[in-house]
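Visitor: Sharing a structure, written as structure tokens. Questions coming.
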Protein chains: 4
Amino acid sequence: MTEAALNSYTSDDTKQADEGKPQEVGGVTGQRLRAFLERIERLEEEKSALAEDIKEVFGEAKAHGFDVKTMRKVIRLRKLDADKRQEEEALLETYMAAIGMV
Amino acid sequence: MTEAALNSYTSDDTKQADEGKPQEVGGVTGQRLRAFLERIERLEEEKSALAEDIKEVFGEAKAHGFDVKTMRKVIRLRKLDADKRQEEEALLETYMAAIGMV
Amino acid sequence: MTEAALNSYTSDDTKQADEGKPQEVGGVTGQRLRAFLERIERLEEEKSALAEDIKEVFGEAKAHGFDVKTMRKVIRLRKLDADKRQEEEALLETYMAAIGMV
Amino acid sequence: MTEAALNSYTSDDTKQADEGKPQEVGGVTGQRLRAFLERIERLEEEKSALAEDIKEVFGEAKAHGFDVKTMRKVIRLRKLDADKRQEEEALLETYMAAIGMV
DNA sequence: GAATGGTCCCATAGGC
DNA sequence: GCCTATGGGACCATTC
């Protein structure tokens, strides 16, 4: 995405910048906000790309004759395992904290 | 669904231990399936990590006094904008291809 | 909640009913819709009541010196257990279906 | 947090087996905790069941050609209305109490 | 008021 | 091609 596209909805500030004058409107705060927005948008693009990748891998597996639905079930189950383990540890920590073992 | 697929979650390692021979059960197919599962799980972990990052950035922005809900709105609008722009460009290319402008 | 309250947003039909004439506007369809809405609202009231009950039990437990946070953790963990078991069974069924054991 | 609370998830049954004596560890307190947990879990099951029921009713309505999304909107509006009415009644009662009208 | 967990709603994707 | 099912996101309530 181009910088221009990013500016499309906050264009007032940009226009001023284009005219070679420091931002009197919005100013530093606007700069900071824009920086946050762009960081987030960048991360979301990466996230979407990963989602694409995942879909592709499923497609590949399917092309090799594997059943996607079952694969999803297996993955979900493995995730439950991991979550359970994590939850157990969290509970243990809570207990230890409760009896003063920091 | 293949027999190998069905065996995927009862690990090859175990079977090997039982029979003392590498990959008699499931074999190459099981290996392939596992590879797919692991690739997917890896990608999903990365995706989750990015989701975490995004949350953190929002948190940071909030700490600087920005309203997260409004930020989300802005991002949504900008995304629509970007999608629209992309759509238009795609259409333009279609037209240009149609009239032989490569 | 009174019947009048339930009718507050679909009052047109009701008004006609009040005037001793069968519903020409909306008619049977409106009746059916209202019946659905009322069933749902009834169920949601019951659900809210249960949420209240749960809060009360936590309160009671707290009054007996139990730590609510830890209790929640334990409950969550037990739920994960249950989910995992259920998921395992679902996976097994998928497998059996896959090999034609209906 | 009490010691009994900490023992709640490692069941009394096991301890009993180990020591051959009923309820020496955890004891009455553990019993009480377990009772609380079970009451809560029972209530949560009922709550989930109701959520299921609600989904089913929506499904039924959909099968009759109603638009679920719109139905949700209507229900939300009617709820707001009900809340408002209740609020007003509460205020009225407060006033009446204030002027001694029991 | 900050953070966390829970619930609800929507949008997308896969199956029939 | 609909339609159900599932995952993700937003919102809200509650706790510390």
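Visitor: How much space per residue, in cubic angstrom, does the convex hull of the C-alpha atoms of region D:53-92 take up?
Guide: Details: hull volume 2.4 nm³, N = 40.
Once divided by residue count, the hull of region D:53-92 is 59 Å³.
Visitor: Then there is this: Using the number of other C-beta atoms within 10 angstrom as an exposure proxy, rank B:Leu92, B:Leu50 with the fewest first. Intermediate results must be reported in sequence, preceding the final value.
Guide: Details: B:Leu92 10, B:Leu50 19.
Result, fewest neighbours first: B:Leu92, B:Leu50.
Visitor: If neighbour count is taken as other Cβ atoms inside 10 Å, put B:Ile75, D:Ile40, A:Ile99 in order from fewest to most. Walk me through the numbers on the way to the answer.
Guide: On the way: B:Ile75 17, D:Ile40 20, A:Ile99 10.
Neighbour counts put them in this order, fewest first: A:Ile99, B:Ile75, D:Ile40.
Visitor: If Lys and Arg each add +1 and Asp and Glu each add -1, what is the summed charge of the other residues whose beta carbon sits under 11 Å from the beta carbon of D:Val74?
Guide: +4
Visitor: Also, quick follow-up: What is the sum of charges around B:Glu44, taking Lys and Arg as +1, Asp and Glu as -1, for the other residues whose C-beta is under 12 Å from the C-beta of B:Glu44? Could the numbers behind the result be given before it?
Guide: Numbers: positive: A:Lys47, A:Lys55, A:Arg72, A:Arg76, A:Arg78, A:Lys79, B:Arg39, B:Arg42, B:Lys47; negative: A:Asp53, B:Glu38, B:Glu41, B:Glu45, B:Glu46.
Here the count lands on +4.
Visitor: So what are the three principal axis dimensions of region C:25-66 from its Cα atoms, in whole Å, longest to shortest?
Guide: So the extents along the principal axes, rounded to whole Å, are 59, 9, 6.
Visitor: Would you mind listing the distances between the B:Glu60 label point and the same position in each other copy? Use 7 Å along Cα-to-C-beta, nm, one decimal, shortest first.
Guide: Copy-to-copy label distances at B:Glu60, shortest first: 3.2, 4.9, 5.2 nm.
Visitor: What is the fewest-to-most order of D:Tyr95, C:Tyr95 by other Cβ atoms lying within 10 Å of their Cβ? Numbers along the way, then the final one.
Guide: Values: D:Tyr95 10, C:Tyr95 19.
The order, fewest Cβ neighbours first, is D:Tyr95, C:Tyr95.
Visitor: I need the inter-copy label distances for A:Glu88: point set 7 Å along Cα to C-beta, values in nm with one decimal, smallest first.
Guide: 1.2, 5.7, 5.7
Visitor: Something else about it: What is the sum of charges around B:Leu91, taking Lys and Arg as +1, Asp and Glu as -1, for the other residues whose C-beta is under 15 Å from the C-beta of B:Leu91?
Guide: Working: positive: B:Lys84, B:Arg85; negative: B:Asp83, B:Glu87, B:Glu88, B:Glu89, B:Glu93.
That sum, taken over residues with Cβ under 15 Å, equals -3.
Read-outs throughout are calculated quantities, based only on the coordinates presented, and are distinct from any laboratory measurement. Everything numeric in this text was worked out from a predicted model, so none of it was measured. For neighbour counting, all protein chains shown are included, and Cβ atoms are generated from backbone atoms with ideal geometry for every residue, glycine included.
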